[in-house]
Amino acid sequence: QVQLVESGGGRVQPGGSLRLSCAASGSGFGGKIAGWYRQAPGKERDLVATLTFFGATNYADSVKGRFTISRDNAKNTVNLRMNSLKPEDTAVYYCNVGGTRTGSWGQGTQVTVSS
């Protein structure tokens, strides 16, 4: 089982940037899909971006062109660079490895976009 720890959340003004990081420990990071999801108050957890081991990406329409997902398979990390942040990006962001049905989740990191 993979253990995941997110970092990098915080408060930022609209138009600002943040970089989220997710460090994986234990076995099973290599070869698996990795992704970021977010959950705003009163809403379901939604896809932000995923990245396969071979580099194929998938982004939610709402973040295309603003967010970039990356991974370092040697260091067992997956990152999310977020630019041009909007108030509607405010949510708890969760790292996932191995898919949403049977994969591992981090504890989440809060991102607040507010002036």
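The values are calculated or read from the model by the stated rules, or taken from the named source; none is laboratory data. Just so it is clear, the structure is predicted and the values come from calculations on it, not from any experiment. Here the Cβ is made from the backbone with ideal geometry for all residues, glycine too, and neighbour counts use every protein chain on show. Please note that ligands, DNA and RNA were not included when accessible areas were found on the heavy atoms of the full protein model with its side chains. Shrake-Rupley method; radii C 1.70, N 1.55, O 1.52, S 1.80 Å.
Rounded to the nearest 20 debye, what is the charge dipole size of the chain about its Cα centre when +1 sits on each Lys and Arg Cβ and -1 on each Asp and Glu Cβ?
120 debye
How high is the relative contact order of the chain? Use alpha-carbon pairs under 8 Å, at least six apart in sequence, and give a whole percent.
Dividing the mean separation by the residue count of the chain yields 37 percent.
Tally Lys/Arg at +1 and Asp/Glu at -1 over every other residue whose Cβ is under 14 Å from the Cβ of residue 82; what's the total?
Cβ neighbours under 14 Å give a net charge of +4.
Over the range 60-115, consider all pairs of different Cα atoms and compute the Kirkwood hydrodynamic radius from their mean reciprocal separation; express it in Å, one decimal. Please list the in-between numbers first.
On the way: mean 1/r = 0.0781 Å⁻¹.
One over the average 1/r among Cα pairs gives 12.8 Å for the range 60-115.
Excluding residue 52 itself, what net charge comes from residues whose Cβ is under 10 Å from its Cβ, given Lys and Arg +1 and Asp and Glu -1? Don't skip to the answer; put the middle values down first.
Numbers: positive: 32, 71; negative: none.
Summing Lys/Arg as +1 and Asp/Glu as -1 gives +2.
Step through the residues of the range 93-109 one at a time and calculate ³J(HN,Hα) from phi using the Karplus curve (6.51 cos²θ - 1.76 cosθ + 1.60, θ = phi - 60°), rounding each to whole Hz and writing x for Gly and Pro.
Ordered by residue, 3J(HN,Hα) equals 9, 10, 8, 9, 10, x, x, 6, 7, 10, x, 9, 10, x, 7, x, 9 Hz.
Take residue 40 and residue 70, extend 7 Å from each Cα along the Cα→Cβ direction, and tell me the distance between the two endpoints in nm.
Rounded to a tenth, the inter-label distance reads 2.8 nm.
Could you run the Karplus curve 6.51 cos²θ - 1.76 cosθ + 1.60 with θ = phi - 60° over the range 19-26 and give me ³J(HN,Hα) per residue in whole Hz, x for Gly and Pro?
Once θ is set to phi - 60°, the couplings for the range 19-26 become 10, 9, 10, 9, 9, 9, 10, x Hz.
Any idea what the dipole of the range 1-66 comes to, in debye rounded to 20, about its Cα centre with Lys/Arg Cβ at +1 and Asp/Glu Cβ at -1?
On the way: 8 positive and 4 negative charges, 29 e Å.
Computed charge dipole of the range 1-66: roughly 140 debye.
With every protein chain left in place, what is the accessible area per residue of the chain in square angstrom, probe 1.4 Å?
Spelled out: the 1.4 Å probe surface of the chain, per residue, equals 52 Å².
If you roll a 1.4 Å probe over the chain with all protein chains in place, what percent of the accessible area is carbon or sulfur?
It is 47 percent, rounded to a whole number.
Counting only protein chains, not ligands or nucleic acids, how are 69, 33 ordered by accessible area (probe 1.4 Å), most first?
Greatest to least solvent exposure: 33, 69.
Could you compute how much accessible surface residue 38 exposes when probed at 1.4 Å, giving the result in Å² to the nearest 10?
Ignoring ligands and nucleic acids, residue 38 comes out at about 40 Å².
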